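Encoded as structure tokens, the structure appears first; notes follow it.
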Amino acid sequence: MATDKRVFTLRLREKNFEKIKVIADKNKRSIAMQIEYLIEQHIEEFEKEQGVIYPDKHNYV
């Protein structure tokens, strides 16, 4: 199955991993999908406060 997602290693403190696992289970998501969702939510919040991020330009407006 092809995907456009980049693969990388993420190290988490054990207690954070376990808490995310509980949240993921309650939301019927995998741990990876829960982490991605949390990151997307944070990016959205950041952009509302700071402006849209343009990764190719390494800046935001």
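The alpha-carbon of residue 19 sits under 21 angstrom from the alpha-carbons of these lysines, leaving out residues fewer than 8 places away in its chain: 28. Entry comment: accessible area of the chain is 99 Å² per residue, from protein heavy atoms only and a probe of 1.4 Å.
Looking at the chain, the trypsin sites (Lys or Arg not before Pro) that sit in a DSSP loop and have at most 10 other Cβ atoms within 10 Å of their own Cβ are 5, 6, 11, 13, 28. When shorter helices are ignored and each DSSP H run of at least 4 residues is given -39500 (n - 2.57), the per-residue value for the chain at 222 nm works out to -18000 deg cm²/dmol. If only the Cβ of Lys and Arg carry +1 and only the Cβ of Asp and Glu carry -1, the dipole of the chain around its Cα centre is close to 360 debye.
How many percent of the accessible area of the chain is carbon or sulfur, using a 1.4 Å probe? After summing per-atom areas, the C and S share lands at 55 percent. By the Stokes-Einstein formula, at 0.692 mPa s and 37 °C, the chain with its Kirkwood radius over alpha-carbon pairs has D equal to 241 µm²/s.
Based on Cα contacts under 8 Å between residues 6+ apart, the chain shows a relative contact order of 15 percent.
So, R0 is 25 Å and r is the distance between the beta-carbons of residue 56 and residue 36; what FRET efficiency does that work out to, to 0.05?
Step by step, r from the Cβ atoms, then E = 0.75.
Counting only protein heavy atoms and using a 1.4 Å probe, the accessible area of residue 56 comes to about 150 Å².
The values are calculated or read from the model by the stated rules, or taken from the named source; none is laboratory data. The shown structure was predicted, so the numbers you read here are calculated from the model rather than taken from an experiment. Every residue, glycine as well, gets a Cβ built from its backbone with ideal geometry; the counts of neighbours run over all protein chains shown. For the accessible areas, the whole protein counts, side chains as well, though only heavy atoms, and no ligand, DNA or RNA atoms are used. Shrake-Rupley method; radii C 1.70, N 1.55, O 1.52, S 1.80 Å.
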